[in-house]
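The values are calculated or read from the model by the stated rules, or taken from the named source; none is laboratory data. On a predicted model such as this, the values are computed, not experimentally measured, just so you know. Positions of Cβ are backbone-derived with ideal geometry, glycine not excepted, and every protein chain shown enters the neighbour counts. Accessible surface areas use protein heavy atoms only, side chains included; no ligands, DNA or RNA. Shrake-Rupley method; radii C 1.70, N 1.55, O 1.52, S 1.80 Å.
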Amino acid sequence: MAKRDYYDVLGVSKGASADEIKKGFRTKAKEHHPDRNTDNPNAEAMFKEANEAYDILKDPEKKAAYDRYGHAAFEGGTGASAGRGGGGFGGGQGDFSSAFSDVFDDLFGDFMGGQRGGGQQRSRATRGSDLRYNLSISLEEAFSGEQKTINVPTSVGCDGCNGTGADGGAEPVICPTCSGMGKVRAQQGFFTVERTCPTCNGAGQTIKNPCGSCGGQGRIEKERSLSVNIPAGVETGTRIRLAGEGEAGLRGGPSGDLYIFIEVAEHDLFQRDGNHLFCRVPVSLASAALGGDIEVPTIDGGRSRVKVPAGSQSGRQMRLRGKGMPALRGGASGDMFIEMAVETPVNLTTRQKELLREFDEISADNNPEGNTFFKNVKSFWDGMKN
């Protein structure tokens, strides 16, 4: 069967550039790869056909011969190949390893950290890791803001080698295994595989005489004391970033950042909801019935007098404007809500019980909510009977 035109095989025009030819081969190689087409018996043949076409068209000399003589340029003893001693430019199957290696480099070289061109060095410096510190504060501290000192275990630059990792601060040398590229290549069948250099771990450089203090890392473990400004209005989950206060970089690299996560502790008197505060205040039965004034605390340590209306019930709320938490990024403060909890007397004396029974007998008209409830209950039962 006559061979198909190589340009048609790769799906490109005859005047296609080298990049267009490579792109066409990459598309066809993915499309017809046998491992992705196990149910297609023709996939392997089409895959080899694409490889053969690419092996010819990627080479300028072979491409020129093919453009002039077609397939005859590579058939032994005829056409152009006869004039070149009968050897032609290569076998019909093409050099699969060479062709696919080019595409492999193009697809994965950047992701594997590869660098093109011999002798190019990678940066030996590596940025330090970011650190997290969980800081618990009280509600009062969240209200007023606070300057706190924290101790953070972290890595700092080694003074013995000035962060270079080499004894006396000497400069590292080019890795002899990878010649400074940070990677090594190995041929495995059809594939050329790149791996991180085992000698320098991808740095491209090695240290002849590591620093005795840090073992060549350029940093040592140490606990640092830092002063942190806690702004007023923070709440649980607030994150504070301290740039450059994280782990020191490897071999002189820049330091990471420190992130402080705030947790505001629960309070005995106040419950927080955003910038608002809630305070549940017990009120005696007599004060709730007769009315009067009560004194309540505020988060700033002060006191406020609140008037209790006569006949107040449990759950009734009263607002103190501006007595809540300050807004984190400016603006008006929240409010404080006083919730009354009418308290039922306990441990009554005999006389107190007598007075309460007497009061109950003469106060049938003083419980409007109870009267309405039981009236509705009676209507409900009557309706069920009918």
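A few points about this structure:
- Check on Ile220, part of a strand (DSSP E or B), within 30 Å of Leu139 (Cβ to Cβ), among the aliphatic types (A, V, I, L, M) and touching a strand residue (DSSP E or B) at 6+ places or on another chain (Cβ under 8 Å): no
- When we screen Glu223, Glu263, Glu247 for residues that are surrounded by fewer than 16 Cβ atoms within 10 Å (Cβ to Cβ), modelled with pLDDT under 90 and acidic (Asp, Glu), the only hit is Glu223.
- Filtered by the rule that a residue be closer than 30 Å to Thr154 by Cβ and either over 31 Å from the mean Cα position of the chain (by Cα) or part of a strand (DSSP E or B) (or both), region 178-200 gives Thr196, Thr199.
- The set of residues in region 30-45 being in a helix (DSSP H, G or I) and surrounded by fewer than 19 Cβ atoms within 10 Å (Cβ to Cβ) consists of Lys30, Glu31, Pro34, Asp35, Arg36, Ala43, Glu44, Ala45.
- Gly324 vs. criteria closer than 30 Å to Lys208 by Cβ and under 39 Å from the mean Cα position of the chain (by Cα): no
- Among (1) in a loop (DSSP other than H, G, I, E, B); (2) within 30 Å of Ser333 (Cα to Cα); (3) open to solvent by less than 60 Å² (accessible area, probe 1.4 Å); (4) not basic (Lys, Arg), the one test that Ala203 misses: (2)
- Lone qualifier among Gly204, Gly212, Gly218 - being modelled with pLDDT under 80 and in contact with a helix residue (DSSP H, G or I) (Cβ under 7 Å, 6 or more places away or on another chain): Gly212
- Matching residues in region 129-147 - criterion: being within 15 Å of Met325 (Cα to Cα) and assigned to a loop (DSSP other than H, G, I, E, B): Ser138, Gly145
- Residue, farthest from Glu141 (Cα to Cα), within region 226-243, restricted to residues that are open to solvent by less than 70 Å² (accessible area, probe 1.4 Å), assigned to a loop (DSSP other than H, G, I, E, B) and in contact with a strand residue (DSSP E or B) (Cβ under 9 Å, 6 or more places away or on another chain): Ala243
- Identity of the residue in region 159-184, among the acidic types (Asp, Glu) and more than 16 Å from Gly249 (Cβ to Cβ), that ends up surrounded by the fewest Cβ atoms within 10 Å (Cβ to Cβ): Glu171
- The set of residues from region 160-188 being touching a residue at least 40 places away in the same chain (Cβ under 8 Å), out of contact with any Lys or Arg (no Cβ under 8 Å at 6 or more places or on another chain) and farther than 12 Å from Gly216 by Cα comprises Ile174, Ser179, Gln187.
- All positions within region 127-151 that are buried (at least 17 other Cβ atoms within 10 Å of the Cβ) and either closer than 30 Å to Gly202 by Cα or among the aromatic types (Phe, Trp, Tyr) (or both): Gly128, Leu131, Tyr133, Phe143
- So Val342, is it farther than 28 Å from Glu141 by Cα, at pLDDT 90 or above and of a type outside the set (S, T, N, Q): yes
This table checks each residue for (1) of a type in the set (D, E, K, R); (2) in contact (Cβ under 8 Å) with a residue 24 or more places away in the chain.
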| position | (1), (2) |
| --- | --- |
| Cys200 | no, yes |
| Lys208 | yes, yes |
| Gly218 | no, yes |
| Glu221 | yes, yes |
| Ser227 | no, yes |
| Pro254 | no, yes |
| Asp268 | yes, no |
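- From the list Asp293, Asp335, the one residue that fits, being among the charged types (D, E, K, R) and under 39 Å from the mean Cα position of the chain (by Cα), is Asp335.
- Against the numbered list (1) touching a residue at least 24 places away in the same chain (Cβ under 8 Å); (2) touching a Pro at 6+ places or on another chain (Cβ under 8 Å); (3) surrounded by 13 or more Cβ atoms within 10 Å (Cβ to Cβ), Phe278 comes up short only at (2).
- Verdict on Cys197 being closer than 30 Å to Ile150 by Cα, buried (at least 19 other Cβ atoms within 10 Å of the Cβ) and not aliphatic (A, V, I, L, M): no
- Of the numbered criteria (1) at pLDDT below 90; (2) open to solvent by 40 Å² or more (accessible area, probe 1.4 Å); (3) part of a helix (DSSP H, G or I), the one Ala2 fails is (3).
Conditions (1) of a type outside the set (A, V, I, L, M, F, W, C); (2) farther than 20 Å from Ala65 by Cα; (3) at pLDDT 90 or above; (4) in contact with a His (Cβ under 6 Å, 6 or more places away or on another chain), marked per residue:
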| site | (1), (2), (3), (4) |
| --- | --- |
| Asp8 | yes, no, yes, no |
| Ala16 | no, no, no, no |
| Arg26 | yes, yes, no, no |
| Ala29 | no, yes, no, no |
| Asp35 | yes, yes, no, no |
| Pro41 | yes, yes, no, no |
